[in-house]
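Each reported figure results from applying straightforward, stated rules to the coordinates on display, with no laboratory input. Please read these numbers as outputs of a predicted model, since none were measured by experiment.
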Amino acid sequence: EVFKLSNSSKVPILDIALNGTGKETGTDSGTSMMCVDEAAHLSVFILDAEEGISGEERTQRVDIALGTSDAPQRILGHPKDNQLFVTVHATSLRLWNIANMFKEPQNMVGDFISHTADAGFLSRCSVVAALPEASVLAGTSSASAKILSKLQGVKHSIRDAAISVDETCLAVLTSDTLYVWRIPDAIFSGQAGSGLQLLQQLTLGPDCCEDR
């Protein structure tokens, strides 16, 4: 099947991920496809969510315009929960809840729901984990942040990220540090303390940090 991206973005796709098995049995809620492009747009497709002849007619979809200042670079599908996925940014991770994206407004079959990633939408549909050293630079201008990072020796660009096999943790690797966040069971419950929790910050030795 061919699935068109929103008309608001006609640039190359950076990354794509799939959730689910394509079967709707038991707790399995089908298959979702997520992709990000070079214009910092996030598109989510809920496959076979509607009745129709073609794949596009049977699909619900949402397009989210994210900020280009910290645009997503990769997507990680969740190993078990079809409603969750992760976008990987230069200095942060964002865990998304697909069900919350479609709560309102309801879209017509074949049409996109389009959202701007304002504070309300982001807080309803996602939680963020920022690198600690990147948080120190928050609130400064980009020029000041660059100067501070050089003076302090901050290295805060994410090289790789993964969800643990038991789906309880998010791991991030930078040029010299490994970070691990715990994903609480009730992360989208709205309860205090239910966000991503930093468990480990391990500085790696020079032998571990060499480019291979």
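Suppose the chain between Leu178 and Ala119 were pulled fully straight at 0.36 nm per residue; how much longer would it get relative to their current alpha carbon spacing?
18.4 nm
Applying the Karplus parametrisation 6.51 cos²θ - 1.76 cosθ + 1.60 with θ = phi - 60° to the phi angles of region 168-174, what ³J(HN,Hα) value in whole Hz is obtained for each residue in order, glycine and proline being reported as x?
Residue by residue, region 168-174 yields 9, 9, 10, 10, 10, 10, 9 Hz.
Karplus couplings for region 158-164 from phi (6.51 cos²θ - 1.76 cosθ + 1.60, θ = phi - 60°), rounded to Hz, Gly and Pro as x?
Values, residue by residue: 6, 8, 7, 8, 7, 9, 5 Hz.
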